[in-house]
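Report on one structure; see the data block that follows.
The values are calculated or read from the model by the stated rules, or taken from the named source; none is laboratory data. This one's a predicted model, so the numbers in the text were calculated from it and none came from an experiment. Ideal geometry is used to build each Cβ from the backbone, glycine not excepted, and the neighbour counts take in all protein chains shown. We work out accessible area using only protein heavy atoms, side chains counted, and drop any ligands, DNA or RNA first. Shrake-Rupley method; radii C 1.70, N 1.55, O 1.52, S 1.80 Å.
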Amino acid sequence: MSNTALPLPQQGFTLPKVYVGPLLITGILLAAHLSFGILDSWQKLLMAIGFSFLTEAVLHYAMFGKTRDMTSAYVSGISAGILVRSPLFWPFALCAAISIASKYVFRYKGRHIWNPTNFGIVILLLIASDSAAVLSIQWGSNMWAMVVIWVVGLATLWKIKRFHITFVYMASFLVFGYIRSLYTGHSWVAEIAPMTGPMYQLFVLFMMTDPRTTLSTRNGRMLVAFLIAALEMVFRLNEAVYAPFYALFIIGPIALIVEDLINEKKKKRSDALE
């Protein structure tokens, strides 16, 4: 997110956009834990945040020779602290460290192409599935917390011009949920139930809308959201529990590379005509 400020007219105060993500994810954490007790422990959450900060500080200084703000690291650390499920402490630290390290190790033309937390979660599931899992519960009867977070989150996305990504994904998810219900025989409500959980709130409000790892055009971003929902349906039909993470992990970086190649071709054609 850029440093453009969001006005708060009632107080005559401006909130830099860089702090919107950390404040929103902290709200999700508090609402989810106070109403449903989703955290394994506060100590594990703090470990994830701490390792996220440490990895960010060390790698950014090693690569660029300077320090940087920790807002991005905070979002990745708190996401890992919420999403990871394990009786052990090290998976929280490992997921946070992998998430941040991916921004510096796996780069394409000077930019990272995976959402950090999504990358960390998928790699953790691939290399340590016997020691860790991912949060997959729903809010149950505590609907007030879910509603508050969705309203605030969607309003924030509207303000920063990212709402269209979430809207297309959610609409596609609902339609594909109906298609899945016809195929599996399950009720449509059961197929779309995962969207009521905090895992999906983090996925839809943060991972999919990350400005650093989404396309530069509105239409491109909406197409990618639809493709992620479509691939997720395929994974779900094959009983992949963590389908949305896998879908974003595959579609996200491919879309960025394809967009870059298309832009390069357009530039070459434009240069040739001059």
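Across region 196-205, coupling constants 3J(HN,Hα) worked out from phi with the 6.51/-1.76/1.60 Karplus curve, θ = phi - 60°, read 7, x, x, 4, 5, 5, 5, 5, 6, 7 Hz, and Gly and Pro carry x. Here Lys103 is the anchor, and the aspartates and glutamates within straight C-alpha reach of less than 20 Å, apart from those fewer than 8 places off in the same chain, are Glu56, Asp69, Asp210, Glu259, Asp260. All Cα-Cα distances of region 115-274, cut into 10 Å bins from zero to the largest, leave 10, 35, 35, 14, 5, 2, 0 percent in each bin in turn. Shape of region 212-274 from the C-alpha gyration tensor: prolate (a/c of 1.5 or more and a/b above b/c, with a ≥ b ≥ c the square roots of its eigenvalues).
If you run the Gaussian network model on the chain, springs between alpha carbon atoms under 10 Å, then out of Phe173, Phe235, Phe206 the most flexible one is Phe235.
Per-residue surface analysis assigns Val234 an accessible area of about 70 Å², computed on protein heavy atoms at 1.4 Å probe radius. What FRET efficiency do you get for Ser129 and Leu223 if R0 is 35 Å and r is their Cβ-Cβ distance, rounded to the nearest 0.05? Efficiency, rounded to the nearest 0.05: 0.65. Simple spin-label estimate for Leu59 and Leu46 gives 2.5 nm between the two label positions (7 Å along the Cα-to-Cβ direction from each Cα).
Using C-alpha pairs under 8 Å with a sequence gap of at least 6, the mean separation divided by the residue count of the chain gives a relative contact order of 17 percent. In region 217-233, which residues have a backbone nitrogen under 13 Å from the label point lying 7 Å from Val258's Cα in the Cα-to-Cβ direction? Inside the label zone: 220-231. Mean sequence separation of contacting Cα pairs (under 8 Å, at least six apart), scaled by the length of region 119-247, corresponds to a relative contact order of 31 percent.
Placing Arg111, Arg162, Arg218, Arg236 in order of accessible area, with the largest value first and a 1.4 Å probe, yields Arg218, Arg111, Arg236, Arg162. On the chain, 67 percent of the accessible area sits on carbon and sulfur atoms, based on a 1.4 Å probe. Treating r as the C-beta distance of Ala240 and Tyr108 and R0 as 25 Å, the FRET efficiency rounds to 0.45. Basic side chains Lys and Arg get +1 at the Cβ, acidic Asp and Glu get -1 at the Cβ, and with that the dipole of the chain about its Cα centre reaches some 780 debye. For the chain, the spread of Cα coordinates along the three principal axes comes to 62, 49, 46 Å, biggest extent given first. Ranked by solvent-accessible area (1.4 Å probe, protein heavy atoms only, all chains present), the residues Glu259, Glu239 order from largest to smallest as Glu239, Glu259. For Arg85, nonlocal amide neighbours, meaning residues 5 or more places apart or on other chains whose placed amide H falls under 5 Å from its own, are Ala133, Val134, Leu135.
In region 171-223 the Cα-Cα distances spread across 5 Å bins starting at 0 as 4, 19, 19, 19, 17, 13, 7, 2 percent of all pairs. Checking the Cα-Cα distances for Lys109/Lys267; Lys109/Lys265; Lys109/Lys161 against a 27 Å cut-off, no pair goes over it.
Calculated mean residue ellipticity at 222 nm for the chain: -22000 deg cm²/dmol, from DSSP H runs with n ≥ 4 weighted as -39500 (n - 2.57), summed, divided by the residue count and rounded to 500. At an R0 of 25 angstrom, the distance between the Cβ atoms of Val151 and Leu39 translates into a FRET efficiency of 0.65.
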